[in-house]
Every structure is written in structure tokens, then in C-alpha cells.
1. So which residue, out of P30, P173, P270, gets the largest mean-square fluctuation from a GNM of the chain using Cα contacts under 10 Å as springs?
2. Tell me, what are the semi-axes, in whole angstrom and largest first, of the equivalent ellipsoid of segment 56-134 as set by the roots of 5 times the Cα gyration tensor eigenvalues?
3. Give the residue from G338, H108, H363 lying farthest towards the positive end of the charge dipole for the chain; charges sit on Cβ (+1 for Lys and Arg, -1 for Asp and Glu) and the dipole is referred to the Cα centre.
4. Under unit Cβ charges (Lys, Arg +1; Asp, Glu -1), what dipole magnitude, rounded to 20 debye, does the chain have relative to its Cα centre?
5. Quick one: grab Rg to one decimal and Dmax as a whole number for segment 1-130, Cα atoms only, in Å.
6. Measure nothing fancy, just the Cα-based angle from helix 310-324's long axis to the longest principal axis of the chain, in degrees from 0 to 90, nearest 10.
7. For segment 382-392, what does the Karplus curve 6.51 cos²θ - 1.76 cosθ + 1.60, with θ = phi - 60°, yield as ³J(HN,Hα) per residue in whole Hz, taken in order and with x for Gly and Pro?
8. Averaging over all projection directions, find the projected area of the Cα convex hull of the chain and quote it in nm² with one decimal place.
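Coordinate-derived values only; no laboratory data. It should be emphasised that the depicted structure is a prediction, and the values quoted were computed from it without experimental measurement. We place every Cβ from the backbone using ideal geometry, glycine too, and count neighbours over all the protein chains shown.
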Amino acid sequence: MPPVPEPWSTAARELLPALRSWRKSFHEEPELSTQEHLTQAKVTRALTELGIPYRAYDGFTGVVGLIGDGRPGPVVALRADMDGLPVTEETGLPFRSRFPGRMHACGHDVHMTSLLGAAALLSRRANALGGPVKLLFQPAEEEGSVGGALPLIERGCLERPHVAFVVGQHVDPSLPLGRIGWRVGPFMAAADFFRIVVRGRGGHAATPHQGPDAIVIASEIVVGLQALVSRVRNPFDPVVVSVGSVHGGTRDNILPEKVVLEGTVRTMRPETRDLMERSLRRRVRAIAASLGATVRIEYRRGYPSLVNDPDATRTVADALRVEFGRANVVETEHALMGAEDFARYLERVPGTFLRLGVGRAGHPASLHSATFAPDERALVVGSATLAAAAVGLQRAGRARAAG
Ligand SMILES: [Zn+2]
Ligand SMILES: [Zn+2]
């Protein structure tokens with residue numbers, strides 16, 4: 001019997017000064033999607049200091065590290081996203097963003113730091129690993145359409161060596177610090193976008209009878225789209241349709257010739273995703289035609305829905321219960337209608353996406369807000385979570401292979 005190692009959290013706590021300094025550096029200099037050049041350099045510098053081999057790419061800001069190359073056993077990939085957001089930080093933190101109008105308001109600085117923390121923990125015990133561990137530092141998660149996961153996959157991050165399981169996590173201010181949330185099956189939504197151009201006939205607002213009024217017809221469309229949610233989809237299957245922008249007209253007494261609507265459709269199941277696109281197109285055309293306007297509909301698909309593998313998720317939850325205690329590892333009450341391009345890995349490889357509690361009393365700021373300031377102690381939990389998940393999956397994978 002090998003000696004029982006200390007909990008990952010104990011070792012992670014000793015790393016806290018290093019974790020803080022990595023996080024501070026990421027947080028001070030946030031970069032937008034696909035522009036993560038400084039961030040990429042910081043990641044490669046940290047991996048070099050840790051003695052972990054990595055691959056970086058020209059013209060693409062991702063980094064893939066590899067611990068325990070050649071070790072027998074399943075390869076587990078751990079992923080962190082790297083990009084910040086166009087938000088002006090108002091946290092008042094001593095290490096707040098130095099770049100005007102940019103902020104790590106989605107906690108991706110915490111994700112990268114936790115992945116470096118896990119890398120430090122795992123590389124120290126590399127000889128005890130049940131297989132290699134890949135570190136996926138992925139750009140452009142916030143970009144929303146192509147994203148960064150797909151380009152990283154296209155560059156071969158899931159091959160050589162072939163990845164058997166993938167694990168990611170996202171900070172969650174609605175979960176208290178120290179808690180980790182998990183969920184089996186559909187966990188986050190597919191996010192699609194639409195743009196509808198309604199063309200009527202421009203003219204004087206006092207003579208609306210002279211042609212189709214694009215504003216009235218666009219309004220009918222906005223309201224009509226909500227009937228797709230209430231009357232087309234199954235009430236047990238979550239769907240969101242939101243119109244986020246309406247543009248048309250210049251002043252009170254002129255009817256504009258066109259109105260442009262933009263919005264998003266969120267679904268959890270592929271068949272519902274298809275149904276909503278079909279129904280939206282049909283409904284919009286019908287409303288416009290019945291009122292004499294013409295419409296152009298652009299419908300673009302973004303990230304697919306994120307589906308956690310049941311076995312891998314339960315294996316990880318078990319490992320985390322051993323690490324953090326039963327009360328701290330909680331099944332989340334429901335899925336989320338937000339989207340995540342971690343879904344792209346899960347389309348190809350089984351794995352799980354976790355929620356990392358960063359909530360603090362009296363600090364209710366949500367993700368993407370200018371005052372979002374997660375509790376720093378989450379860096380310890382985040383590092384230990386990824387390390388424990390990787391080792392737990394390798395142990396279970398090896399046990400299964402041994403039959
Ligand atoms: Zn975000
Ligand atoms: Zn995020």
C-alpha cells in the first residue's frame with residue numbers, strides 16, 4: 001500500500017503566496033478574447049518555472065502543458081479560459097486592472113491561477129500520477145461564436161497523447177466560498193443569435209396607412225417570439241428567447257423604413273435547438289407577411305449546450321467529497337442558461353464542468369459586473385479541486401481498465 005498522501009488542499013494552502021501573485025498579475029492586465037498575448041507569456045513563464053513542458057502557438061494565444069508524459073494510464077485534461085471583458089473595473093482592489101475598459105470580470109484570472117496551482121501540485125507528485133495530465137489554457141471563451149476551444153481542439157489539444165477525460169470549472173458567486181457545485185447531464189445552454197431586419201415603408205407619422213409600419217411590425221415580432229417559448233417548446237425543457245436590441249427611427253414624426261432586432265435563443269437539447277430555429281424563422285416570416293412587410297433573418301449558432309458525462313461527473317464528485325467533505329460538494333439545483341465553450345470538449349471527450357464557490361457575505365456582485373471580486377481563498381479550493389478531479393478520474397479509469 002502506498003502511503004496516504006496529505007489532502008491536496010493542505011499543499012495548496014502552502015502555495016497561496018504564489019497563487020496570489022499569479023492571480024494579481026493576471027488581474028492587473030486583462031486582455032480581450034484572442035488578444036491574450038501578455039497572458040500567454042505569463043502562463044508559459046509560470047510553466048517554465050514549474051519545470052512543466054508546454055506547447056505555445058504562433059498567432060494563437062493558447063498554451064497546452066503536459067505533466068507525466070509517458071506515464072501509463074488515462075490522460076486527463078484540465079482547462080482554464082484566459083480572456084477578460086470590456087468592463088471598467090470598479091472594485092477598488094489594490095491590484096485592479098491597469099488597462100482602462102478591460103477587466104477580469106468573469107473570473108478567468110482565478111481559473112488560470114487555479115490551473116497553475118493544480119499543475120504545481122500534480123507535478124510535485126508526478127511519479128504517483130495514474131497517467132499524464134494535460135493543461136489547457138484556452139483563449140477567447142467570451143467571444144461567443146467560434147470561441148477558443150474549437151481552435152485549440154483543431155490544433156490537436158485532445159490528441160498526442162489522446163485525452164480520455166476533461167475537467168473545467170467556473171467561479172460562481174452564488175455558491176459560498178469552499179463549496180463546489182456539480183451536475184450530471186445538460187448543465188449549460190446552447191446560445192444562438194438572430195438578427196431580423198424588418199422593412200416597411202418610411203413616411204410621415206401622420207399618414208401610417210400609406211405603407212407597412214416597420215416599428216409596429218417589429219413590435220409584433222418581439223411579442224410574437226415569446227409565444228415560441230410559451231407555446232412551441234415543451235414546458236419541461238428550458239428555453240429562453242430574448243431580444244436585446246431594437247433599432248429603428250430617428251424622431252417622433254417620421255416612420256422609419258426599417259427596424260433591426262437582435263437577440264439570443266438559449267436551449268438545452270439539440271432537437272429543441274433545431275425546433276426553435278425553425279419556429280422562429282416561420283413565425284417571423286408569418287407575422288411580417290401578414291402585415292405586408294418584408295424581413296431578412298440571420299440566424300447564427302454559437303456554443304452548443306454543455307452536457308456533463310454522468311460517470312465522470314460522479315467520479316469527480318466522489319473524489320471531491322473525500323477532499324473537501326460531503327457538505328461542501330453540492331449538486332446544483334438546476335442547469336444554467338448561460339453558455340460556455342467548454343461544451344466543445346465535452347462533445348468529443350467525457351468529462352465534467354464544475355462550479356467553484358467564490359461567494360462572500362455582503363458582496364453580492366455577479367459575473368461580468370464592474371464590482372465582481374471573488375474571495376481569494378477560492379484559489380486554494382480551485383487548485384485542489386482540479387488536482388483531486390484529475391487523480392480521481394485516473395484512479396477510476398485504471399480500475400475500470402483492470403476490470
Ligand atoms: Zn463570462
Ligand atoms: Zn467565464
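1. Comparing P30, P173, P270 in a Gaussian network model of the chain, the most mobile one is P270.
2. Taking √(5λ) for each Cα gyration eigenvalue gives 32, 14, 9 Å.
3. It is G338, whose Cα lies furthest towards the positive end.
4. 620
5. 16.0, 55
6. Taking Cα atoms only, the helix is inclined about 50 degrees.
7. Listing the rounded values in order: x, 5, 5, 4, 5, 5, 5, 5, 4, 5, x Hz.
8. 22.4
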